[in-house]
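What follows is one structure encoded as structure tokens, with my remarks underneath.
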Amino acid sequence: MKSRIAGLVGPLVGAVCLAAAPAASAATYVVLGKGAGSLDREIRAAGGQVRTAMPEIGVFIVESDATNFMNRAKRIAAVSGIAEDVMLEYDLPVSAGEAVSIEDYGNPPFSGDDDVFFDLQWGHDAVDAPEAWNAGYRGAGATVAILDGGYDLDHPDLAPNLGPGGTAWGCHANFSDDPSLAYSFPDPFSHGTHVAGTVAAADNAFGTIGVAPEATLCLVKVLGDVGSGAFSWLIEGIYHIANPEFGVDVANMSLGARFPRNSAGAAQLISALGRAAAYATQNGVLMITSGGNEGANLDKDQMIVNVPSQAANFVSISATGPIGWAVDPENAFLDYLANYSNYGVTGIEFAAPGGDYIYPGSESCLIAGLVRPCFVFDYVFSTGNGGWYWSVGTSMAAPHAAGVAALIVGKNGGSMKPAQVLKAMRAGADDLGKPGRDPAYSKGRVNAYGSVSN
């Protein structure tokens, strides 16, 4: 599957595959206990060193340079499984795009909103976010963790919502091997920045606006800036945001891997991920993840598993989008299932705007003072590294859903059980496609106003 990339268009965040973690002086393993409790002494005796202990869930990230460590660890009576750590490798095509800067803004947009690029955000219209804002619900009191790559920490649309103490707040964390939480490359497309802005770009009379513009952001780096990350980093990141001290209500994970169910270590890694997600859910965190960009029918493709979207305790999101929205913005249908999106009633919980790139025309359109090829405007527009950027994928759909969840939490005083948030999302979602649950939209395309009105 090829993405349509030209000029100012951002990359499609595509499929990922699994590969062994890079060779080093010590290999990394994910060890599962038979229950909660410490295994530090037993692991040391087997020749390993615990890097991260998660005794509440019986998961341990272990490093060892012993060639027989895995076999010795399997013989520990309290160990139920062990797998070598693997990398999640993103298929990120090199983009020829460039960021949109505030200087690119020309003619006034027609909406009257004072965030000058708001009129490029058709996804907000699709989920009725403005109607929720006008009813008084803007996400205040909700905290959303973004588990992703690096972030533009100085972005004017993100900085106001970085939580108490800004970047010094303890919830922000870096579990990758990159030295900084910040996105370090000059490339204008920063995946983490784009996702975070869709959720909670501030309503600051500048740039874009998030679905939940008054929510607090907790930024956690579990991927490197090149778009890859160890499975262990993701598990550590989920365990981190489950800490009740941080008060995280919603977590967004626009990332994933796709691999054979019977591949070596798959069952153990999926189990460890599920344990971490269950722990976060028990501590009040709704776990939202992208559904994947392979165009796969998850009901029929039983030999392949997508994680985290098909692991236990995750809410998976498919992607919708318009086809030629900029040609007639007032009348365009915004909810076609994106051609690349995974789908299926067993693998998807909701649909949300992720954009598409299949509009066949090559003519230019004018929206919010910007002249671009018309198909560009079908992408999702959000914050980028040093500016703003378009991109497309289920990676862009998940944060729309996370923003809706944050609005629900904010409406209800900033503290809800994940099951209660899900109930409100289901009650408010638009039932598109066949009546009831269907493969494309599953339980519906999320609707912000509908959800806060229930």
Checklist entry - What share of all Cα pairs of the stretch 151-208, in percent, falls into each consecutive 10 Å distance bin? => result 22, 55, 22, 1
Item to check | Karplus 3J(HN,Hα) series, Hz, for the stretch 192-198 with 6.51 cos²θ - 1.76 cosθ + 1.60 (x for Gly, Pro) | outcome: x, 5, 4, 5, 4, x, 4
Item to check | Selection from THR281, GLY81, GLY354, by position along the positive dipole direction of the chain (Cβ) | outcome: GLY81
Item to check | Charge sum, other residues only, whose C-beta stays under 11 Å from VAL452's C-beta, Lys/Arg counted +1 and Asp/Glu -1 | outcome: 0
Item to check | Accessible area of LYS34 in the full protein assembly, 1.4 Å probe (Å², nearest 10) | outcome: 140
Item to check | Global geometry of the stretch 105-263, whether rounded, prolate or oblate, following the gyration tensor of its Cα atoms and the 1.5 cut on a/c | outcome: prolate
Item to check | Dipole axis of the stretch 301-454 (+1 Lys, Arg; -1 Asp, Glu on Cβ), positive-most option in ALA429, ILE317, SER415 | outcome: SER415
Item to check | Ordering of 55-65, 119-129 by burial proxy (mean other Cβ atoms within 10 Å per residue, highest first) | outcome: 119-129, 55-65
Checklist entry - Which sequence of PHE375, PHE175 reflects their accessible areas, 1.4 Å probe, from the largest down? => result PHE175, PHE375
Checklist entry - Roughly how many whole Å is it from the C-alpha centroid of the stretch 203-280 to that of the stretch 425-440? => result 26
Item to check | Solvent-accessible surface (1.4 angstrom probe) belonging to HIS240, in square angstrom, nearest 10 | outcome: 30
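Assigning unit charges at the beta carbon (Lys, Arg +1; Asp, Glu -1) and nothing else, what dipole magnitude in debye, to the nearest 20, does the chain show about its Cα centre? Let's see the in-between values first.
Details: 24 positive and 45 negative charges, 423 e Å.
Result for the chain is approximately 2040 debye, rounded to the nearest 20.
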Item to check | Two-site label geometry, LYS423 and ALA77: point separation in nm, points 7 Å out along Cα→Cβ | outcome: 4.4
Checklist outcome for this item: For ASP152, other-chain or 5+-apart residues with amide H closer than 5 Å (H placed, Pro excluded) are TYR183, THR193
Next on the checklist: Normalised by the empirical 2.2 N^0.38 Å for globular proteins, what value does the Cα Rg of the chain take?
Outcome noted: 0.94
Next on the checklist: Given axes a ≥ b ≥ c from the Cα gyration tensor, I'd like to know whether the stretch 270-315 is rounded (a/c under 1.5), prolate (a/b larger than b/c) or oblate.
Outcome noted: prolate
Next on the checklist: Taking θ = phi - 60°, what integer Hz values does the Karplus form 6.51 cos²θ - 1.76 cosθ + 1.60 yield along the stretch 275-283, in sequence order, with x for Gly and Pro?
Outcome noted: 5, 5, 5, 4, 5, 5, 4, 4, 9
Checklist outcome for this item: For the chain, longest principal axis from Cα atoms; helix 418-428 axis from its Cα atoms; angle between them, nearest 10 degrees, is 30
Item to check | Under 19 Å from the Cα of LYS423 - lysines, other chains or at least 8 residues apart | outcome: LYS411, LYS443
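Percent antiparallel among DSSP beta bridges with both residues in the chain, to the nearest 5? All intermediate terms of the calculation are to be shown ahead of the outcome.
Details: 42 of 68 bridges.
Around 60 percent of the beta bridges assigned by DSSP in the chain are antiparallel ones.
When only C-alpha pairs under 8 Å and at least 6 residues apart count, what is the relative contact order of the stretch 314-416, in percent? Before the final figure, lay out the partial values.
Details: 190 pairs, mean separation 30.9, N = 103.
It comes to 30 percent, rounded to a whole number.
Rounded to the nearest 500, what is the 222 nm mean residue ellipticity of the chain from helices alone, with -39500 (n - 2.57) per DSSP H run of 4+ residues and division by all residues?
-6000 deg cm²/dmol
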Checklist outcome for this item: With every protein chain in place, the accessible area of MET87 for a 1.4 Å probe, in Å² rounded to the nearest 10, comes to 20
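Could you tell me the relative contact order of the stretch 242-358? Use alpha-carbon pairs under 8 Å, at least six residues apart, and round to a whole percent.
Values: 225 pairs, mean separation 32.3, N = 117.
Relative contact order here is 28 percent.
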Checklist entry - If the cut-off is 17 Å between C-alpha atoms, which aspartates and glutamates fall inside it for LYS434, apart from same-chain ones fewer than 8 positions away? => result ASP299, ASP335, GLU349
Checklist entry - Going from most exposed to least, what order do LEU217, LEU153 have by accessible area with a 1.4 Å probe? => result LEU153, LEU217
Item to check | Distant-in-sequence amide H partners of ILE146 (H built 1.01 Å from N, under 5 Å) | outcome: CYS218, LEU219, VAL220, ASN252
Checklist entry - Shape of the stretch 203-359 from its Cα gyration tensor (a ≥ b ≥ c, root eigenvalues): rounded if a/c is under 1.5, otherwise prolate when a/b > b/c, or oblate? => result oblate
Checklist outcome for this item: For LYS34, the lysines lying under 17 Å Cα to Cα, once residues fewer than eight places off in the same chain are dropped, come out as LYS74
Checklist entry - Ordered by residue, what ³J(HN,Hα) values in Hz, to whole numbers, does the stretch 177-184 give under the Karplus form 6.51 cos²θ - 1.76 cosθ + 1.60, where θ = phi - 60° and Gly and Pro are x? => result 8, 6, x, 10, 5, 6, 6, 9
Item to check | Relative contact order of the chain, defined on C-alpha pairs under 8 angstrom at six or more residues apart (%) | outcome: 20
Checklist entry - Say the dipole of the chain comes from +1 at the beta carbon of Lys and Arg and -1 at that of Asp and Glu; which of TYR449, ASN252, CYS365 then lies farthest toward its positive end? => result ASN252
Checklist entry - To the nearest 20 debye, what is the magnitude of the charge dipole of the stretch 220-284 about its Cα centre, counting +1 on the Cβ of each Lys and Arg and -1 on the Cβ of each Asp and Glu? => result 300
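The values are calculated or read from the model by the stated rules, or taken from the named source; none is laboratory data. These figures come from a predicted structure and were not determined experimentally. So basically every Cβ, Gly included, is an ideal-geometry build from the backbone, and we count neighbours across all protein chains shown. Accessible surface areas use protein heavy atoms only, side chains included; no ligands, DNA or RNA. Shrake-Rupley method; radii C 1.70, N 1.55, O 1.52, S 1.80 Å.
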